[in-house]
Amino acid sequence: MPSSTKYQLILDATETLLKNRDAKSISVNDIAKTAGIGKGSIYYYFSSKNEILEALIQRNYQKVLENACTLASQSESSPFGRMAKLFQLCRTASMELNRKETTGFFESQEAALIHQKYVQYMIQNLKPVLCSIIQQGIEQGLIRFPDPAALSEIVLIILTFEMDDTIAPKTPKERQEVLNALISLLENGTFTEPGSLDFLREFY
């Protein structure tokens, strides 16, 4: 994501406007005025208002990734504790995205694209972070699995979809059944001590 001052000013202005107005009512002129720059400067970086909104969402996701990387580096904490915090970050981001969609933050035609980008972001960018945590668990003898990268991807795909009521709508009972099955598979497949992954149940 570009780091120029004007680029960030545009995103900051959009975020400020969205605190009191829905996306449909905000024009490129409004964004330029709030940012204190010319309208032409906005089109130098973005081709449309929707592109600005997409970039703003990606910037918000970047904060989640930075926090996740910080968690992964805390080797003094248990791998399972760090996993719990990582998944909580994912859950918080997912809930915020759903809240914005249901309150008119996105225009309907862009919601599906943003949602797809959210899922892709979570899986692609958090995979190496979770892989690092799992690898540390393997080194400590708490987890036994030959391919931490593959395990990370599997877990993130399942949890990302389970966190998202828009992609995978389920009743609380159905969701709990899926989580119970996932926890059982993970504990048996990684020879993890029973109960170590119960924190997954706290997010649903």
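The values are calculated or read from the model by the stated rules, or taken from the named source; none is laboratory data. These numbers come from a predicted model, not from an experiment. Cβ placement follows ideal geometry from the backbone for every residue including glycine, while neighbour counts extend to all protein chains displayed. Accessible surface is based on the protein model in full, side chains and every heavy atom, while ligands, DNA and RNA are left aside. Shrake-Rupley method; radii C 1.70, N 1.55, O 1.52, S 1.80 Å.
Taking a 1.4 Å probe, which of 69, 90 shows the most accessible area, and what order do the others take after it?
Highest to lowest solvent-accessible surface, that is 69, 90.
How much accessible area per residue does segment 1-85 have, counting only protein heavy atoms and a probe of 1.4 Å, in square angstrom?
52
Enter the Cα centre distance for the pair segment 35-90 and segment 181-204, rounded to the nearest angstrom.
Between the Cα centre of segment 35-90 and that of segment 181-204, the gap is 28 Å.
What is the sum of charges, Lys and Arg at +1 and Asp and Glu at -1, for the other residues whose Cβ falls under 13 Å from the Cβ of residue 155?
That works out to -3.
Give the accessible area for residue 191 in Å² (nearest 10); use a 1.4 Å probe, count only protein heavy atoms, and leave out ligands, DNA and RNA.
Estimated to the nearest 10 Å², residue 191 gives 130 Å².
So, in nm, how far is label residue 47 from label residue 62 when the simple model puts each one 7 Å beyond its Cα toward the Cβ?
The answer from the label model is 2.1 nm.
So how do 131-142, 14-25 stack up, highest first, on mean other-Cβ count within 10 Å?
Highest-to-lowest ranking by the protection proxy: 131-142, 14-25.
How much net charge surrounds residue 177 when only other residues with a Cβ under 14 Å from its Cβ are counted (Lys, Arg +1; Asp, Glu -1)?
+2
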